[in-house]
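Below you'll find the structure, written out as C-alpha cells, and then a few comments.
The values are calculated or read from the model by the stated rules, or taken from the named source; none is laboratory data. Please read these numbers as outputs of a predicted model, since none were measured by experiment. Methodologically, a virtual Cβ is constructed for each residue, glycine included, from the backbone with ideal geometry; neighbour enumeration extends over all protein chains shown. Please note that ligands, DNA and RNA were not included when accessible areas were found on the heavy atoms of the full protein model with its side chains. Shrake-Rupley method; radii C 1.70, N 1.55, O 1.52, S 1.80 Å.
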Amino acid sequence: MSDSQEGILEWSVHPLREQPGRGVLVAVAIVGAGVLVTLAVPDPLLGVLAGAAAMLFLLMTLNRFFLKSAYRIDGHGIAVRYPFGS
C-alpha cells in the first residue's frame, strides 16, 4: 500500500445480491402495484401508462436496493456514490 492509499477505506454494497429472496418479493410487489394501478384507472390506455409510471416510480425510489452503492472514507471525509447521485 502506498502512502497515498494509506488511511483510505473503500467498499461497495449491493443489497439485491446479498438478499436475492427479498429482491424477488420486492419485484413481485412492484409488479402487483403496477397491475393494481392499471386496473384502478378506467381508461385502458391511461391505465397501462399509469401502471407503468407507478412501477417506474417504485423502481426509482428503490434504486439503492437494486443497484450498487459505493462508499469511501479518507482524510477529506466520507463520500457516498449512489446510482443516481452522491
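Report the FRET efficiency, 1/(1 + (r/R0)^6), for V35 and F57, where r is their Cβ-Cβ distance and R0 is 25 Å, rounded to 0.05.
Plugging the Cβ-Cβ distance into 1/(1 + (r/R0)^6) gives 0.95.
Under 14 Å from the 7 Å Cα→Cβ point of V13, by amide nitrogen: which residues of the range 47-85?
Answer for the range 47-85: 63-73, 79-83.
Using only the Cα atoms, what convex hull volume per residue in Å³ does the range 1-50 have? Provide the component values of the computation, followed by the final result.
On the way: hull volume 5.9 nm³, N = 50.
Hull volume over Cα atoms, normalised by residue count, gives 119 Å³.
Return the carbon/sulfur percentage of the accessible area of the chain, one whole number, probe 1.4 Å, all protein chains in place.
Roughly 67 percent, rounded to a whole number.
Rounded to the nearest 500 deg cm²/dmol, what is the calculated helix-only ellipticity per residue at 222 nm for the chain, with -39500 (n - 2.57) per DSSP H run of length n ≥ 4?
My calculation for the chain gives -17000 deg cm²/dmol from helical runs alone.
Around E10, under 9 Å between beta carbons, what's the net of Lys plus Arg minus Asp minus Glu among the other residues?
Residues near E10 contribute 0 overall.
Rank by packing, highest mean first: peptides 10-17, 31-38, with packing defined as the count of other Cβ atoms within 10 Å averaged across residues.
Values: 10-17: 12.5, 31-38: 15.2.
Result, highest mean first: 31-38, 10-17.
In terms of solvent-accessible area of protein heavy atoms at a 1.4 angstrom probe, what is the ranking of M60, M55, highest value first? Intermediate values should be presented prior to the final figure.
Values: M60 90, M55 60 Å².
Result of the area sort, largest leading: M60, M55.
Dividing the Cα convex hull volume of the chain by residue count, how many Å³ per residue is that?
Cα-based convex hull of the chain, divided per residue, equals 95 Å³.
Using a probe radius of 1.4 Å on heavy atoms only, what accessible surface per residue do you get for the chain? Whole Å² is fine.
Numbers: 6460 Å² over 86 residues.
Accessible surface, normalised per residue, equals 75 Å².
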